[in-house]
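Comments concern the structure below.
Every number in this text was worked out from the coordinates using simple rules, so none of it is lab data. Here the structure is a predicted model, which is why all the values come from computation and not from measurement. Every residue, glycine among them, receives a Cβ derived from its backbone with ideal geometry; neighbour counts consider all protein chains shown.
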Amino acid sequence: MRLKITMQNPEKSEIYELPLDYRRIFISFFKSCFKNTPIYNELYGEQKVWKPFAFSVKFSKIIEIKSQQKTIVVKSPFEILFTSGDYNVIAHLVNGVLKLQTQSYKWKDIVLPQVSNIQVLKTPEINSKEIMFQTVGISILTNPFESAKNFENYFLIPPEDKQDKEKLEKFNQILNYRTCQKFEYFKNKKCPSELLFEPISIKSDRVFFYGGYLRGFRGTFKLKGDLEILKFIYDYGFGVKTGQGFGVLKIVYND
């Protein structure tokens, strides 16, 4: 299930200068939305390994990126695409957002525009074992068998050329491992059949995040697999760090 949350002050667009790692503002926003709900500790407790949702933030316009100051100048409205396969999460989020709708959310000295609209988006049927997806923002996959200090090997990027079989096989191996970890954590049952990732148009991207850098990718690709696991990825997000503003996908082709 998906929501589109629009943030805009009444009848006007405004200019905002946000930190370059702006995703942490929206992580804080969602924590505030869930704060007084019965699932808050379930979502943000110390033992929480995975988040049962993903989100992506889109600005009306990016005016300037100030590299030295590590800020980004943007224009409202802001649109947040939020996805989860857990109806309970969606319901509590809607209630939390509605409580904040009459006021602007403040993060440090930055006051975000008000929530002006919440829209429930139509959920497409996944009826094929081969789906063409496109990233919404950036997706991230990390190798749990490598040290996070080893930047090049820890962050995995699919090859631009599907003929690079060695690199593609490694990416598929870790994608299956990570996806099954997450699936079994939330569904409490064995992961369905193996996934197969096939790149179509892929671009690597570095992201400034919490004072450091992550590496992810944007682009279009095919996923082949069981209907249940394809829907799970669409609902819960691709890869890791989905609860931190990464991993949202949209369906390009679903035959």
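What is the set of long-range amide H partners of Phe209 at a cut-off below 5 Å, with H atoms built 1.01 Å from backbone N?
It is Leu214, by chain and number.
Estimate the FRET efficiency between Asp86 and Lys224 by the formula 1/(1 + (r/R0)^6), using the beta-carbon distance for r and 25 Å for R0, to the nearest 0.05.
0.50
For the pair Ser116 and Lys187, what calculated FRET efficiency results from E = 1/(1 + (r/R0)^6), where r is the Cβ-Cβ distance and R0 = 35 Å, to the nearest 0.05?
So the FRET efficiency works out to roughly 0.50.
Under the rule a/c < 1.5 gives rounded, and otherwise a/b versus b/c splits prolate from oblate, where does the range 58-195 land using the Cα gyration tensor?
It is oblate, given that a/c is not under 1.5 and a/b is not larger than b/c.
For the range 117-231, what class follows from the C-alpha gyration tensor (a ≥ b ≥ c being the square roots of its eigenvalues): rounded when a/c is under 1.5, otherwise prolate if a/b is larger than b/c, else oblate?
Here the range 117-231 falls in the rounded category.
Shape call for the chain from the C-alpha gyration tensor, a ≥ b ≥ c root eigenvalues: rounded (a/c under 1.5), prolate (a/b greater than b/c) or oblate?
In terms of gyration-tensor shape, prolate.
Note down the magnitude of the dipole of the chain about its Cα centre, charges +1 on Lys and Arg C-beta and -1 on Asp and Glu C-beta and zero elsewhere, to the nearest 20 debye.
480
Work out how much length Glu198 to Lys12 would gain on full extension: take 0.36 nm times their residue separation and subtract the Cα-Cα distance, in nm to one decimal.
62.7 nm
Label-point separation (nm) for Lys129 and Leu98, each offset 7 Å from Cα along Cα-to-Cβ?
Between Lys129 and Leu98, the label points sit 4.2 nm apart.
Please give the helix 165-187 orientation as an angle from the longest Cα principal axis of the chain, in degrees from 0 to 90, rounded to the nearest 10.
The helix 165-187 is inclined about 60 degrees to the chain.
Rank the residues Arg23, Arg2 as a footprinting-exposure proxy: fewest other Cβ atoms within 10 Å of their Cβ go first.
Arg2, Arg23
Among Phe26, Asn36, Tyr185, which residue has its Cα positioned farthest towards the positive end of the charge dipole of the chain, with +1 placed on the Cβ of Lys and Arg, -1 on the Cβ of Asp and Glu, and the dipole taken about the Cα centre?
Asn36
Output wanted: per-residue J couplings in Hz (rounded whole) for the range 68-75, from phi through Karplus 6.51 cos²θ - 1.76 cosθ + 1.60, θ = phi - 60°, x for Gly and Pro.
Going residue by residue, I get 5, 7, 6, 10, 10, 9, 9, 10 Hz, with x marking Gly and Pro.
If the rule is a partner Cβ under 4.7 Å, which cysteines in the chain fail it?
Cys33
For each pair in Lys31/Lys250; Lys4/Lys51; Lys70/Lys106; Lys189/Lys241; Lys70/Lys167; Lys70/Lys222, compute the distance between the two Cα atoms and list the pairs where it is over 28 Å.
Check vs 28 Å cut-off fails for Lys70/Lys167; Lys70/Lys222.
If you filter the range 19-80 for GluC sites (Glu not before Pro), then keep DSSP loop positions with at most 11 other Cβ within 10 Å, what is left?
Glu46
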